[in-house]
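Take a look at the structure below.
The values are calculated or read from the model by the stated rules, or taken from the named source; none is laboratory data. All values derive from a computational prediction rather than experimental measurement. With ideal geometry, Cβ positions are generated from the backbone for all residues, glycine too; neighbour counts draw on all protein chains shown. Please note that ligands, DNA and RNA were not included when accessible areas were found on the heavy atoms of the full protein model with its side chains. Shrake-Rupley method; radii C 1.70, N 1.55, O 1.52, S 1.80 Å.
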Amino acid sequence: MKIVNARLRKKSRLHTLEITDGVFSQISAQDGPVVCPQGAIDANSQLLSPPFVEPHIHLDAALTAGEPSWNQSGTLFEGIERWSERKPMLNETDIRQRVLRTIELLVQNGVQHIRSHADTSDPSLVGLKTLCALRDELKDKIDLQIVAFPQEGLLSYPNGLALMEEALTFGADVVGGIPHFEYTRELGEASMKKVIELAQKYDRLVDVHCDEIDDPNSRFLEVLACEALFNGLGSRVTASHTTAMHSYDNAYCSKLFRLLKRADINFVSCPTESIHLQGRFDSYPKRRGLTRVKELNEAGINVCFAEDSIFDPWYSLGNGKLLRSLDFGLHICQMMGYQDFESALDFITDNGARTLNIQHRYGIETGKPGNFILLDGADDYSVLRRQGEVLLSVRHGEIIMQRTPARITTPAWIQA
Ligand code: FE2
């Protein structure tokens with residue numbers, strides 16, 4: 001496959017790229033636009049980017065909002081209750097159909113790398129087992145990492161620990177946790193130590209739903225980061241949500257950031273989900289409920305954006321468009337300066353790849369897999385501002401998605 005007249009992120013000149021045997025074999029700068037040779041793809045000066053990375057989604061729960069009842073309060077905790085009512089209705093066929101429909105949405109919007117949580121607070125583990133089977137079936141088509149996620153508590157849910165071990169033995173890629181949902185602070189702390197212990201025992205990554213609450217006293221992040229540091233796991237560990245950090249006082253945060261920088265863990269923020277679920281116990285003013293993305297990023301700590309939910313008991317919108325999550329995130333976190341826009345796509349591309357620990361096989365570089373997307377826009381800023389559509393998605397040199405942009409006719413008086 002040959003692509004000409006492509007813009008690459010953070011580079012001014014147009015480029016020609018070649019993919020041979022599924023791998024980028026040549027990438028060279030052009031002196032100017034060239035005539036597209038027969039059989040090649042003309043990028044028409046549009047932005048060619050590494051595929052989008054969805055680092056945090058719940059595929060097992062996707063497309064179940066309102067079944068059997070709706071989350072009326074809009075709180076995280078009612079979401080967990082509504083999901084526990086839906087769980088007895090789960091079976092392999094139901095999960096498989098919904099997961100494939102959701103992956104289709106993500107692929108249509110430029111995603112090729114996904115980390116999905118799968119609920120292990122279920123004696124049958126049907127969600128986790130179905131997701132692991134799909135991961136293996138689709139491995140040549142899309143990257144899927146499965147987190148064994150103890151939705152109702154690792155230590156508080158009956159047999160939670162045994163179910164986690166069963167999930168890891170079955171083949172889950174990542175150990176999950178939910179310390180703020182354990183019955184007590186002591187159980188929450190113990191669960192963080194157990195998560196790190198299991199990651200070492202089974203040689204897996206870690207991704208914890210950590211402090212997803214407005215409670216400024218929810219401080220399990222420091223336990224997770226400290227355990228990651230002391231056990232040398234660093235970048236193999238991710239803290240998702242950390243919304244309580246929004247409500248920590250600045251003096252504590254200053255101390256905390258010293259640890260976070262040393263620990264070198266990753267962060268995932270889910271802007272649409274958190275602005276919806278958090279602040280629900282406030283009158284006015286209402287907290288925004290997102291973690292300190294701007295400050296983490298400025299401190300050189302890896303942070304990325306995710307969608308978290310698509311039409312499920314926690315969030316009944318969502319459409320697979322990470323550009324939408326990015327747009328929300330930059331607004332809510334007040335990252336609206338020119339320099340923020342220039343590198344905005346980092347939050348849904350490179351930073352997500354680092355979180356998934358796939359950076360060694362991710363990016364537009366010779367020798368790396370020939371995976372890319374073509375976006376309707378010339379650079380990060382224009383793609384973000386226009387919410388540019390994904391025109392093409394290529395994996396290992398094969399087109400997996402192609403979109404023909406809508407043609408819009410306007411009257412002559414409005415045309416400049
Ligand atoms: Fe989540």
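Points worth noting:
- Integer Hz, Karplus 6.51/-1.76/1.60 couplings in order for segment 90-97, x for Gly and Pro: 6, 8, 4, 5, 4, 5, 4, 5
- Degrees, to the nearest 10: 322-332 long Cα axis against longest axis of the chain: 70 degrees
- Those aspartates and glutamates that a straight Cα-Cα span of less than 13 Å connects to LYS286, excepting residues fewer than 8 apart in one chain: ASP214
- Per-selection Rg to Rh, segment 110-224 - Cα, Kirkwood hydrodynamic radius: 0.99
- Proximity of backbone amide H atoms, modeled 1.01 Å from N, is registered between LEU205 and VAL175 at under 5 Å, excluding neighbours fewer than 5 places apart on the same chain.
- Of all DSSP beta bridges in segment 52-361, antiparallel share, percent nearest 5: 0 percent
- Charge dipole (segment 52-361, unit charges on Cβ, about Cα centre) - positive-most of SER191, VAL99, CYS253: CYS253
- In a fully extended conformation the segment linking LYS141 and HIS331 would gain 65.1 nm over its present Cα-Cα distance, using 0.36 nm per residue.
- Annotation: lysines with alpha-carbon distance below 19 angstrom to LYS261 (same-chain offsets under eight excluded): LYS294.
- Rg over Rh for segment 338-389 works out to 1.00, using Cα positions for both radii and the Kirkwood form for Rh.
- For segment 163-225, trypsin sites (Lys or Arg not before Pro) are listed when DSSP marks them as loop and at most 13 other Cβ atoms sit within 10 Å of their Cβ; the list is empty.
- In plain terms, the bigger the Kirkwood radius, the slower the diffusion; for segment 52-361, with that radius from Cα pairs, at 25 °C and 0.890 mPa s, Stokes-Einstein puts D at 129 µm²/s.
- Low-density loop positions, GluC sites (Glu not before Pro), segment 210-317 - DSSP coil, at most 12 other Cβ in 10 Å: none
- When VAL34, VAL293 are compared by accessible area at a 1.4 angstrom probe, the order from most to least is VAL34, VAL293.
- Coordinate range along principal axes, alpha carbons of segment 276-416, Å, largest first: 51, 48, 35
- Amide hydrogen proximity for GLN145: with H placed 1.01 Å from N in the peptide plane, the residues at 5 or more positions away or on another chain lying under 5 Å are ILE114, ARG115, SER116.
- Average projected area [Cα convex hull, segment 131-198], square nanometres: 4.6 nm²
- When the residues PHE170, PHE77 are ordered by accessible surface, computed with a 1.4 Å probe over the protein chains alone, the sequence from largest down reads PHE170, PHE77.
- Dividing the convex hull volume of the alpha carbon atoms of segment 220-355 by its residue count gives 117 Å³ per residue.
- Helix 76-86 axis, angle to the chain major axis (alpha carbon atoms, nearest 10°): 90 degrees
- Once C-alpha pairs closer than 8 Å and six or more residues apart are averaged by separation and normalised to the residue number of the chain, the relative contact order reads 19 percent.
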